[in-house]
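One structure is given below, encoded as structure tokens.
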Amino acid sequence: MFVPAYFKVSDQQVVEDFVKNNSFATLVTNGDPYPQATHIPIELEVNAAGEKVLWGHVARGNTQWKDFARFPQVRVIYLSPIHGYISSSWYDHPNAPTWNYVSVQVTGRIRIVSETEAWEAVRRLVDKYEKVSEQPVSLDRLPPSVQVQMKGLVAFEVAIENWEAAYKLSQNRDEKNFQSIIEKLEAMPDHTSRLLAALMKERRP
């Protein structure tokens with residue numbers, strides 16, 4: 001991923017927090033004849049060896065998993081739902097329009113995990129998102145007729161080799177033009193534009 005210096009994030013904790021809070025990702029693998037991509041939750045976890053890794057699973061009917069052994073080098077793309085168009089008419093000078101966004105990409109090597117590891121990966125995933133439920137579901141307490149559906153999944157672990165993070169939020173604009181962008185976004189009718197303005201102010205150096 002091309003990340004200009006203005007938009008590069010060097011604080012690893014910020015990057016990891018983003019992944020934890022935006023874990024619906026795109027898993028990209030090589031394939032024949034084309035690369036394959038699947039949109040799934042992929043969680044940042046710590047495995048039994050104490051290593052930070054990514055855990056996820058795909059449906060067994062999804063043939064992407066059959067390429068994991070042949071093409072173990074993968075890319076996982078995390079994208080914030082908060083992003084938007086920035087009109088150059090908001091500047092005090094001629095310029096090109098652009099798009100503001102936040103993205104993290106992780107590259108590493110993927111492997112299919114054992115049934116025991118798969119259970120742990122899915123159990124943690126369910127526990128994480130059930131915390132806000134009035135009657136939380138637990139993988140361990142589901143009836144066997146439901147638990148057997150685990151056999152329809154292929155779980156994986158990605159050993160992380162590299163992180164890339166881009167927070168493209170108009171950091172390269174002077175204060176006057178930055179404030180103009182904020183004002184225009186805050187005046188937009190959609191909620192996402194206002195969230196983008198808040199994120200830009202939060203991340204302003």
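The values are calculated or read from the model by the stated rules, or taken from the named source; none is laboratory data. Keep in mind it's a predicted model, so treat the numbers as computed, not measured. Cβ placement follows ideal geometry from the backbone for every residue including glycine, while neighbour counts extend to all protein chains displayed.
Would you point out which residue out of Arg70, Arg124 is within 21 Å of the chain's Cα centre (by Cα) and basic (Lys, Arg)? Step through it out loud before you land on a result.
Numbers: Arg70 fails: within 21 Å of the chain's Cα centre (by Cα).
Exactly one residue qualifies, and that residue is Arg124.
Restricting to region 117-136, and then to whatever is in contact with an Asp or Glu (Cβ under 9 Å, 6 or more places away or on another chain) and in contact (Cβ under 8 Å) with a residue 40 or more places away in the chain, can you tell me which residue is surrounded by the most Cβ atoms within 10 Å (Cβ to Cβ)?
Here the answer is Ala121.
All but one of (1) under 29 Å from Ala187 (Cβ atoms); (2) in contact (Cβ under 8 Å) with a residue 60 or more places away in the chain; (3) surrounded by 14 or more Cβ atoms within 10 Å (Cβ to Cβ); (4) of a type in the set (A, V, I, L, M, F, W, C) hold for Ile42; state the number of the condition that does not hold.
With respect to (1) under 29 Å from Ala187 (Cβ atoms); (2) in contact (Cβ under 8 Å) with a residue 60 or more places away in the chain; (3) surrounded by 14 or more Cβ atoms within 10 Å (Cβ to Cβ); (4) of a type in the set (A, V, I, L, M, F, W, C), Ile42 is out only on (1).
State whether the residues of region 175-187 include one that is β-branched (Val, Ile, Thr), farther than 30 Å from Lys52 by Cα and without any contact (Cβ under 8 Å) to a residue 24 or more places away in the chain. Even if it seems obvious, please write down each step before you answer.
Taking region 175-187 first, the residues β-branched (Val, Ile, Thr) are 181-182.
When the remaining residues are screened for being farther than 30 Å from Lys52 by Cα, the result is 181-182.
Then drop every residue that is not without any contact (Cβ under 8 Å) to a residue 24 or more places away in the chain, which leaves 182.
Within region 175-187 (the criterion being β-branched (Val, Ile, Thr), farther than 30 Å from Lys52 by Cα and without any contact (Cβ under 8 Å) to a residue 24 or more places away in the chain), the answer is yes, since at least one residue qualifies.
So Ile86 clears everything in (1) closer than 27 Å to Gln149 by Cβ; (2) modelled with pLDDT of 95 or more except one condition, right? Which one?
Going through the list (1) closer than 27 Å to Gln149 by Cβ; (2) modelled with pLDDT of 95 or more, Ile86 breaks only (1).
Mind checking which residues of region 75-89 are within 19 Å of the chain's Cα centre (by Cα) and part of a loop (DSSP other than H, G, I, E, B)? Steps first, please.
Within region 75-89, the first condition is being within 19 Å of the chain's Cα centre (by Cα), and the residues that meet it are 75-84.
Once the filter is applied, which keeps residues that are within 19 Å of the chain's Cα centre (by Cα) and part of a loop (DSSP other than H, G, I, E, B), region 75-89 yields Ser80, Pro81, Ile82, His83.
Filter region 10-34 down to the residues that are closer than 13 Å to Val74 by Cβ and out of contact with any strand residue (DSSP E or B) (no Cβ under 6 Å at 6 or more places or on another chain) and list them by number. Quick ask: steps written out before the conclusion?
Pass one, region 10-34, residues closer than 13 Å to Val74 by Cβ: 25-31.
Hits for region 10-34 are Asn30, Gly31.
Looking at region 62-74, is at least one residue buried (at least 18 other Cβ atoms within 10 Å of the Cβ) and part of a helix (DSSP H, G or I)?
Scanning region 62-74, I find at least one residue that is buried (at least 18 other Cβ atoms within 10 Å of the Cβ) and part of a helix (DSSP H, G or I), so the answer is yes.
Just to be sure before I move on: is Ser80 under 30 Å from Leu199 (Cα atoms) and surrounded by 13 or more Cβ atoms within 10 Å (Cβ to Cβ) in the structure I sent?
Details: under 30 Å from Leu199 (Cα atoms): yes; surrounded by 13 or more Cβ atoms within 10 Å (Cβ to Cβ): yes.
So Ser80 fits the description; yes.
Failed condition for Gln105, given (1) more than 16 Å from the chain's Cα centre (by Cα); (2) under 30 Å from Met188 (Cα atoms); (3) part of a strand (DSSP E or B); (4) not hydrophobic (A, V, I, L, M, F, W, C), with all others met?
Here Gln105 meets the rest and fails (1).
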